[in-house]
Each structure stands twice: as C-alpha cells, then as structure tokens.
Amino acid sequence: MKLPRIVENSPLARLARLKLGAPNVAMVLGSSIHLSGVSRDQFLRDPFWVAHEMEHIQQFEQYGRLGFLARYLRDWVRYGYYNIPFEVAAREAAELKAHLYAQGRPLPGEAERHPTPKVS
Ligand SMILES: [Zn+2]
C-alpha cells in the first residue's frame, strides 16, 4: 500500500489540535498527511487512523482542495465536527479498510486506537 507524504510537527496540524483540544492530530491537506503530537511511526501503527486519513485524501481528490475545504467548513458549522459528512465517511472507511494498513499485524483493540476528538 503506497502511503502519501507525511509531515511531522506540522504547524497547521498544531492549530487544528488546539482547535479540537486533542493531544494529537492528523489532518489531510491535499495529498499529504500532517501530524502534530504524534510521530509518523506512532501514526502508522494505528491502521484505523491511517485508513481514516486515507479516506480524506480520496475526498480531496474527488472534490479538489477548495471544494473539499469549503464543504468541510460549511458542514462543520452546520452539523458540528463529529457529524461532518466527510468525517462520518472517514470513520466508516476506517472500520472497513483498516486491514489494508495493518502491515501484517493484528488490528489494534479499542483501547489502542486513536479516539475521535469529541468536539462540536
Ligand atoms: Zn477525519
């Protein structure tokens, strides 16, 4: 499975982390995954998390950078973070596709998985 470019210690991911009040964040911008509060290795060890972000990469490809961001922000205001349709789809994709990113290891249990930030 080919992985996209991964940016560690991203200032943009740090901003998102502050906004979400989360200890660690991965966010997709275009075709790159930006991390804050988590190393590349830690991130790659959670195949559910990787599958979630890979879905956002596909959404970016489908809607374009501006199309994705405009919808994402509009829907955040409308529905709240947890219910943004792009986030709902990414959570579903995580469950369905985590095995693609497991690198031969068993899938992590609930306790080892990165939790979805609970914000509105
Ligand atoms: Zn997401």
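Size descriptors for the chain, from the alpha-carbon set: Rg then Dmax equal 13.5, 40 Å. Pairing the Cα long axis of helix 11-20 with the longest principal axis of the chain, what angle in degrees results, from 0 to 90 and rounded to the nearest 10? With both axes taken from Cα atoms, the answer is about 80 degrees.
Using a cutoff of 8 angstrom between alpha carbon atoms and counting only pairs six or more residues apart, the relative contact order for segment 5-108 works out to 26 percent. Each Lys or Arg adds one and each Asp or Glu takes one away; over the other residues whose Cβ falls under 12 Å from the Cβ of Ile84, this sums to +2.
Relative to the longest principal Cα axis of the chain, at what angle does helix 85-97 sit, 0 to 90 degrees, rounded to 10? With both axes taken from Cα atoms, the answer is about 10 degrees. Among Ala22, Ala89, Ala70, whose mean-square fluctuation peaks in a Gaussian network model of the chain (Cα, cutoff 10 Å)? In the Gaussian network model the winner is Ala70.
Per residue, the convex hull spanned by the alpha carbons of segment 1-42 comes to 66 Å³.
Values in this text are rule-based calculations from the coordinates and carry no lab data. Bear in mind that the values here come from a model prediction, so they are computed numbers and not experimental data. Ideal geometry is used to build each Cβ from the backbone, glycine not excepted, and the neighbour counts take in all protein chains shown.
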